[in-house]
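Below is one structure, written out as structure tokens; comments come after it.
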Amino acid sequence: MIFSRRNFLLFLAGLAMFSVGLACGAVAPSLTGSGGQETTQPAPILTQTMEPVNAPVVLPTPTVVFYEYLVRPTSLATQIAPVPILPPPAIPESRRLTLEYPPKIRTGDSDVIRLTLEVDTLGNITPTAMIQGNTVTGTTVQVPNLYDTHYVTAEARLDLAGVEVRPPEAIDQALLPGQSVTFYWSVRPKESGTYRGTAWMFLRFVDKVSGAESKNALSAQTVQIEATNFLGLTGSAARTAGGVGSVLGAILGFPFVDDVLKWLLSRLRRKS
């Protein structure tokens, strides 16, 4: 049998199609099940290596643990604001305020009024009258103990209407712990009568840092003075009259004064 060229090409084409069919038949069973139904192969499962549950726990090295212990408390402490510690309250200083004044003054005479804020080192406070016959009044006062933070000044003023007072304005002295201060006024009534007034005591505090100033009244004590006269005479006139009377009394009381007077009279008569 003689093949032509056309028949040979057809034979090659058929052989190629047969090969393709065999290839498709070999793949088909893998895509279908026994019942001819299409099945889908499961996706491949990815596996992950897991450590066993009872595996030993690896702790950090001692160096790291010690570092955490040192750093963490410090960082927490810096977040807490420090609580200020307040100083204990200062105990007030107990002092005695003493006022001394004359209850009676002759008109035209002058006398002294004394006001003292005192305390001794033993704590015994005793008012003392410097002039006999004067009225002395005393009272206990509490002075704030602010000497460390403030400049403390005691200020006094005497209000006595109708009487000449020197100095008329307020006077002050620095007040130091444990030391006394004394204020003096000279008073002189010009007319007879009863005069009432007030002796004031103030405390002035000046802050050593800010310079802020405050002033508090510590005490106000009553003063009462009676101005008297003799037969309408002032004190100086009464003293002059008293002096003349004393001289005359001394002369009249001298021994043999009568004989001396008689001898003087007889001499005057002879000359006349």
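Some notes on this structure:
- All positions within segment 106-139 that are at pLDDT 80 or above, acidic (Asp, Glu) and either in contact with a helix residue (DSSP H, G or I) (Cβ under 7 Å, 6 or more places away or on another chain) or over 18 Å from VAL187 (Cα atoms) (or both): ASP109, GLU118
- Leading residue by the ranking (surrounded by the most Cβ atoms within 10 Å (Cβ to Cβ)) among those in segment 185-210 that are touching a residue at least 60 places away in the same chain (Cβ under 8 Å) and out of contact with any Leu (no Cβ under 8 Å at 6 or more places or on another chain): PRO189
- Filtered by the rule that a residue be of a type in the set (S, T, N, Q) and within 28 Å of the chain's Cα centre (by Cα), segment 173-220 gives GLN173, GLN179, SER180, THR182, SER210, SER214, ASN216, SER219.
- Contact annotation: residue pairs with Cβ atoms under 9 Å, 6 or more positions apart or on different chains, pairing a residue in segment 161-180 that is at positive phi with a partner that is surrounded by 12 or more Cβ atoms within 10 Å (Cβ to Cβ) and aliphatic (A, V, I, L, M), are GLY162/ALA227; GLY178/VAL119.
- Residues satisfying the stated conditions in segment 137-152, i.e. in a strand (DSSP E or B) and in contact with a Phe, Trp or Tyr (Cβ under 8 Å, 6 or more places away or on another chain): HIS150, TYR151, VAL152
- Residue within segment 96-103 that is at pLDDT below 90 and not in a strand (DSSP E or B) present: no
The values are calculated or read from the model by the stated rules, or taken from the named source; none is laboratory data. These numbers come from a predicted model, not from an experiment. Glycine also receives a Cβ, built like all others from the backbone with ideal geometry; neighbour counts cover every protein chain displayed.
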